[in-house]
Amino acid sequence: MGLPAKFSPSPRSIALSAAFIAGGIFTGAVGWSGHTLALAAGVLFPALWAFAPSRAVAALVALAHFLAASRGLPEGVAIFYGSDMGMGLVLWLLASLMFVAVHTIVWTRKAGWQRPIRYAIATILMSLPPFGIAGWASPITAAGVLFPGWGWFGLAATATGLLIMTTRLWPIAALALGGAFAWSAASWTLPTVPEGWQGIDTSFQFSEAGQYADYAQHMATIAMVKEAAGQGASVVVLPESAFGIWTATTERLWTRELAGTDVMINGGAIVIDHSGYDNVMVQVSGEGSEVIYYERMPVPISMWQPWTTGGANAHFFANPVVDFAGVSIAPLICYEQLVIWPILQSMLFGPEVIVATGNGWWTGDTNIVAIQKASAEAWAALFGVPLVMAFNH
């Protein structure tokens with residue numbers, strides 16, 4: 001028995017809905033492909049969402065955008081937990097729930113001022129905790145690609161353009177943002193690295209979650225640091241987890257090996273406490289060490305597990321800038337490069353360098369690390385701040 005004619009979608013409406021959903025796939029897949037300039041594709045998302053023919057289609061546009069942007073997650077989860085792809089697919093869908101729910105609830109069929117207001121609400125909600133904890137794939141990340149060096153004015157200009165994309169004036173906004181992108185792309189250069197600073201990428205592999213640096217890895221990393229110092233580096237940045245579990249024994253090993261060298265190290269480690277652990281950055285030299293940064297937003301579920309003890313602590317708005325090697329740095333560890341508030345909070349304090357690190361041993365052949373690097377490059381370009389990155393691949 002068929003549906004009454006008035007409830008049967010026409011071929012035209014089906015095709016239109018499919019086109020909007022395909023647009024969501026495009027903005028997510030291209031924008032978050034791991035190429036910095038490609039982030040500009042994300043500016044089309046607000047128009048696709050706002051002009052969707054129904055709330056259901058708007059929800060599917062948001063779902064398509066988010067899933068396409070985070071398409072490496074299923075494989076990464078499977079590797080991290082040593083499970084089959086089924087668990088990865090489940091967590092992939094769960095990760096999208098906040099993004100989809102917010103954009104579904106605030107969507108409206110009404111034209112006029114309500115659409116930009118509601119999109120602004122969605123963007124703000126997805127940029128700050130608690131919803132912003134899953135705030136990947138935000139089109140605002142393209143600000144650094146569109147207006148490099150403009151700082152807060154560039155952020156405001158991008159936000160304004162995104163809001164106009166939800167109105168009938170969207171062709172004008174698209175033309176303006178497209179022109180800004182063309183101008184920027186023609187002269188695009190990567191953020192600078194401070195003189196004497198060097199980020200060292202590593203390729204240490206782990207067979208399971210919870211495995212940390214052993215003695216052989218420490219010695220191999222120390223050899224890399226000494227080589228960099230011999231080539232003139234005075235400041236070296238190492239990836240997340242490079243130091244493994246930070247203990248008095250680990251400190252003695254590193255300070256002993258660095259004795260007599262004029263080099264300052266920033267490396268990732270974990271520090272265990274009574275309730276779990278902190279993912280941190282440690283400053284080390286031949287004269288001693290100090291924990292200088294506590295991660296604000298560890299990876300949800302795999303690291304941050306607020307429903308139990310034993311997981312990573314989240315320090316949401318703590319230590320937005322820290323002193324390292326005599327300068328003020330904006331620290332971003334791994335997941336913090338994918339969400340919005342950590343970098344914007346840091347930039348309020350005028351840091352002199354952005355230090356972005358990560359440990360992508362679990363990402364396999366996905367583009368997750370490339371996306372993290374692209375995001376960090378875009379933010380550094382927006383504010384015209386030097387960037388030093390170090391990742392374990």
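The values are calculated or read from the model by the stated rules, or taken from the named source; none is laboratory data. Worth saying up front: this structure is predicted, and the values here are computed from it rather than measured. Note that each Cβ is placed from the backbone with ideal geometry, even for glycine, and that neighbours are counted across all protein chains shown. For the accessible areas, the whole protein counts, side chains as well, though only heavy atoms, and no ligand, DNA or RNA atoms are used. Shrake-Rupley method; radii C 1.70, N 1.55, O 1.52, S 1.80 Å.
Using C-alpha pairs below 8 Å separated by at least 6 residues, the relative contact order for region 128-268 is 19 percent. The charge dipole of region 1-148, taken about its Cα centre with unit charges on the Cβ atoms of Lys, Arg (+1), Asp and Glu (-1) only, comes to about 680 debye. Taking every C-alpha pair closer than 8 Å and separated by at least 6 residues, the mean separation divided by the residue count of the chain gives a relative contact order of 18 percent. Beta bridges assigned by DSSP with both partners in the chain are antiparallel in approximately 45 percent of cases. Computed from the C-beta positions of K226 and L175, the FRET efficiency with R₀ = 51 Å rounds to 0.45. For V193 and Q305, the difference between the fully extended length at 0.36 nm per residue and the C-alpha to C-alpha distance is 36.8 nm. Just need the relative contact order of region 1-153 here, percent rounded to a whole number, with Cα pairs under 8 Å and 6+ apart. Relative CO of region 1-153 lands at 24 percent. Here region 317-393 carries DSSP beta bridges of which approximately 20% are antiparallel, counting only pairs with both residues inside.
With a Förster radius of 35 Å, plug the Cβ-Cβ distance of L253 and D365 into 1/(1 + (r/R0)^6) and report the FRET value to the nearest 0.05.
Details: r = 34 Å, r/R0 = 0.96.
The value I calculate is 0.55.
The GNM of the chain, with springs linking C-alpha atoms under 10 angstrom apart, assigns the highest mean-square fluctuation among G210, G149, G24 to G210.
Put simply, when 380-391, 93-104 are sorted by average Cβ atoms within 10 angstrom per residue, most first, you get 380-391, 93-104.
Here region 149-258 exposes an accessible surface that is 62 percent carbon and sulfur, computed with a 1.4 Å probe and the other protein chains kept in place. The protection proxy used here, the mean number of other Cβ atoms lying within 10 Å of each residue, ranks peptides 297-303, 361-367 as follows, highest first: 297-303, 361-367.
Can you give me the angle between helix 152-164 and the longest principal axis of the chain, using Cα atoms only, in degrees from 0 to 90, rounded to the nearest 10? Helix 152-164 and the main axis of the chain meet at about 20 degrees. Solvent-accessible area per residue in the chain equals 43 Å², computed with a 1.4 angstrom probe and all protein chains kept. Helix 55-69 versus the longest principal axis of the chain: what is the Cα-based angle in degrees, 0 to 90, to the nearest 10? Tilt relative to the chain: about 30 degrees. Gain on full extension, evaluated as 0.36 nm per residue between I124 and R55 minus their Cα-Cα distance, stands at 22.8 nm.
Scan region 314-393 for GluC sites (Glu not before Pro) in coil per DSSP, keeping those whose Cβ has at most 16 other Cβ atoms within 10 Å, and list them by number.
Working: sites: E336, E352, E377; in loops: E352.
Loop-located and lightly packed - E352.
Highest mean first, the peptides 111-118, 281-288 sorted by other C-beta atoms within 10 Å per residue fall in the order 281-288, 111-118.
Here the extension length gained between F131 and A209 equals 25.5 nm, from 0.36 nm per residue of separation less the Cα-Cα distance.
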